[in-house]
Amino acid sequence: DIENQIYQIQPKMSPKLIILVIILSASSIARSFNYDCLGNEIEKYTLPNLDYELDALEPVISKTMLEVHYNKHHAGYVNKLNILMKQLQEAMINRDLSKIVNLLQDIQFNGGSHINHSLYWKNMSPTKLGGGKLPDPSSKFYQHITAQWGNFQTLIQYITSRATGIKGSGWAWLAYQKESKQIVYEETLGQDTISMKGNLIPLLAIDVWEHAYYIDYKNLRPQYLKQIWDIIDWQEVEKRYLEAILQQLFCSKNYLLFQIRIRMKWN
Amino acid sequence: PMATTGFHELPELPYGYASLEPFMDEATMVVHHDKHHAGYTRNFNAALTAIQAAGGEGAKICTMSPENILRQLNTLPITPEQRTPLRNHGGGYWNHGMFWSVMAPPKERQEHPTGHLSTAMANTFGSLDAFKKEFSKVGAGVFGSGWAWLVAEGPQENPTLKVVSTANQDSPFTVGQFPLLVVDVWEHAYYLRYQNRRPDFLEAWWQLVNWKTVDDRYKEYTGKN
């Protein structure tokens with residue numbers, strides 16, 4: 001029956017989109033092998049590589065500020081996470097429940113931070129590599145945004161004003177709500193992840209902890225939020241959106257197998 | 001532009017911007033006081049102005065001291081929308097004022113607690129060093145933005161001393177505690193010189209603590225001289 005549903009949908013998908021989906025699914029499967037929940041020695045969490053040089057996001061984010069944020073903060077969270085995961089592994093082997101419970105709070109913080117920062121670096125890009133460029137108006141993502149928000153300017157202004165108002169340390173998000181299939185604005189505090197807030201898939205992450213802007217902007221968070229749109233990589237946001245809807249349609253990793261089977265059946 | 005005077009004034013720093021060097025840099029003091037604290041002052045005054053304009057029961061809180069506003073925060077005759085800015089900006093206004101007052105230029109400060117406070121601290125924490133270790137640990141452990149405090153709680157004649165932390169601009173007054181010592185661990189308090197090294201900041205900060213203020217506050221709480 002599921003196959004019939006897919007068959008109904010199938011003819012509407014262009015070959016280009018199918019290829020994109022296959023690549024995305026394959027990469028999603030490959031990525032999942034890096035994440036060992038116990039953090040074994042051979043598979044430690046690592047700082048993700050940036051797709052750009054440390055000075056590439058200037059003048060929005062200076063080389064100094066990016067260096068400190070990436071090489072000191074994010075690296076620090078990753079190092080701490082690896083230590084904690086090793087301790088968790090030992091505690092689980094020893095069945096030390098008190099220790100496990102204690103560790104989980106710190107893991108939530110450092111692990112959440114690793115997840116959030118990894119998304120943040122990836123959804124920024126130097127202007128010469130497409131940063132700040134809105135998606136193509138014919139794309140499904142562009143159309144979804146305009147259908148829901150009117151236009152990108154309205155969306156950007158909304159995120160900016162809400163993110164300015166986040167009290168203390170936190171993150172501003174665009175996320176895909178799985179039940180309603182809407183693109184929603186969300187906030188998390190501290191290093192909470194977007195998935196902790198519900199059935200949400202992160203599309204765009206903006207760090208509003210003071211360390212994300214203090215060196216360049218001091219207390220002027222509104223200025224940071226005004227400038228950051230020049231380096232937001234909407235292509236990456238779009239890619240996450242496509243992945244989200246396709247994941248929903250085809251139960252993620254199994255999609256590749258479904259596609260192969262259906263192709264073989266029809267031929 | 002909203003005033004840093006009005007119901008409450010932005011207090012002047014009790015020392016020069018550069019006098020806390022090398023432990024706290026001049027640039028941080030300038031931005032922290034003239035921008036952050038000033039901002040909280042303005043927003044606190046604006047919130048009170050709005051409450052006064054709205055009239056009714058709520059208006060009389062405009063003559064209350066910030067401490068009392070924070071003490072009675074959850075029972076004031078105001079709406080939740082009126083309460084939130086008092087919590088954030090009233091808290092920010094008062095917390096920063098206390099923060100300046102517990103510090104002094106390294107060579108001008110009183111370096112240890114004395115008298116009754118000293119006894120109480122020895123009884124509670126064992127030693128001053130043990131206390132500092134606990135306090136620094138709590139300060140370093142605050143997730144995100146907040147404050148670490150030494151507070152007094154309970155009966156005047158025999159208070160309990162505790163090390164606690166609060167998030168964002170929350171005040172111990174609101175939960176019935178009396179602040180004796182405080183450190184700001186929002187990133188803006190240390191970022192320019194220490195970046196992510198909050199533990200290093202806390203270690204340096206001890207060189208600035210003026211225990212005279214803490215002694216005086218303990219005397220205020222216990223009524224004992």
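The values are calculated or read from the model by the stated rules, or taken from the named source; none is laboratory data. Since we're looking at a predicted model, the values are computed, not measured. Heads up, the Cβs are rebuilt from the backbone with ideal geometry, glycines too, and the neighbour counts pull from every protein chain shown.
Okay, here's what the table says:
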{"item": "Among (1) touching a strand residue (DSSP E or B) at 6+ places or on another chain (Cβ under 7 Å); (2) of a type in the set (S, T, Y); (3) part of a helix (DSSP H, G or I) - the single one A:Y176 does not satisfy", "result": "(3)"}
{"item": "Residues that are within 11 Å of chain A (Cβ to nearest Cβ), in a helix (DSSP H, G or I) and either touching a His at 6+ places or on another chain (Cβ under 7 Å) or at positive phi (or both), drawn from the stretch B:186-217", "result": "B:E187, B:H188, B:A189, B:Y191"}
{"item": "Odd one out for B:G6, checked against (1) free of Cβ contacts under 8 Å to residues at least 60 places away in the same chain; (2) within 14 Å of chain A (Cβ to nearest Cβ)", "result": "(2)"}
{"item": "Residue list for the stretch B:54-100, filter: farther than 22 Å from B:A148 by Cα and in contact (Cβ under 8 Å) with a residue 40 or more places away in the chain", "result": "B:C62"}
{"item": "Residues located in the stretch B:165-185, provided they are closer than 23 Å to B:H32 by Cα, in a strand (DSSP E or B) and either hydrophobic (A, V, I, L, M, F, W, C) or in contact with an Asp or Glu (Cβ under 6 Å, 6 or more places away or on another chain) (or both)", "result": "B:A167, B:L180, B:L181, B:V182, B:V183"}
{"item": "Unmet criterion (only one of (1) loosely packed, with under 14 Cβ neighbours inside 10 Å; (2) at pLDDT 95 or above; (3) of a type outside the set (A, V, I, L, M, F, W, C)) for B:H32", "result": "(1)"}
{"item": "Where A:I83 falls short, out of the listed (1) of a type in the set (A, V, I, L, M, F, W, C); (2) over 29 Å from A:L50 (Cβ atoms); (3) surrounded by fewer than 17 Cβ atoms within 10 Å (Cβ to Cβ)", "result": "(2)"}
{"item": "Top-ranked residue of the stretch B:143-163 - restricted to ones that are hydrophobic (A, V, I, L, M, F, W, C) and within 14 Å of another protein chain (Cβ to nearest Cβ), ranked as surrounded by the most Cβ atoms within 10 Å (Cβ to Cβ)", "result": "B:W147"}
{"item": "Filter result (out of contact with any helix residue (DSSP H, G or I) (no Cβ under 9 Å at 6 or more places or on another chain) and modelled with pLDDT of 95 or more) within the stretch A:189-219", "result": "A:L189"}
{"item": "Residue that is surrounded by fewer than 20 Cβ atoms within 10 Å (Cβ to Cβ), within 14 Å of chain A (Cβ to nearest Cβ) and modelled with pLDDT of 95 or more, where the choices are B:N168, B:N95", "result": "B:N168"}
{"item": "Top-ranked residue of the stretch B:171-212 - restricted to ones that are within 12 Å of the chain's Cα centre (by Cα) and more than 26 Å from A:N219 (Cβ to Cβ), ranked as surrounded by the fewest Cβ atoms within 10 Å (Cβ to Cβ)", "result": "B:F178"}
{"item": "Candidates A:L129, A:L189, filtered to the one that is surrounded by fewer than 19 Cβ atoms within 10 Å (Cβ to Cβ) and within 14 Å of chain B (Cβ to nearest Cβ)", "result": "A:L189"}
{"item": "Hey, A:A172 surrounded by 20 or more Cβ atoms within 10 Å (Cβ to Cβ) and more than 14 Å from every other protein chain (Cβ to nearest Cβ) or not", "result": "yes"}
{"item": "Which numbered condition A:L155 misses (of (1) away from chain B (no Cβ under 14 Å); (2) crowded, with 22+ Cβ neighbours inside 10 Å)", "result": "(2)"}
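So that you can scan it fast, the table gives a plain yes or no per residue for (1) buried (at least 16 other Cβ atoms within 10 Å of the Cβ); (2) within 14 Å of another protein chain (Cβ to nearest Cβ):
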site: B:A38; (1), (2): yes, yes
site: B:A54; (1), (2): no, no
site: B:N68; (1), (2): no, no
site: B:L76; (1), (2): yes, no
site: B:E108; (1), (2): no, no
site: B:L117; (1), (2): yes, no
site: B:F135; (1), (2): yes, no
site: B:G141; (1), (2): no, yes
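Quick grid of which residues meet (1) exposed (fewer than 15 other Cβ atoms within 10 Å of the Cβ); (2) of a type outside the set (K, R); (3) at pLDDT 95 or above; (4) in contact with a strand residue (DSSP E or B) (Cβ under 9 Å, 6 or more places away or on another chain):
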position: A:L66; (1), (2), (3), (4): no, yes, yes, no
position: A:S98; (1), (2), (3), (4): yes, yes, yes, no
position: A:Q108; (1), (2), (3), (4): no, yes, yes, no
position: A:I115; (1), (2), (3), (4): no, yes, yes, yes
position: A:L119; (1), (2), (3), (4): no, yes, yes, yes
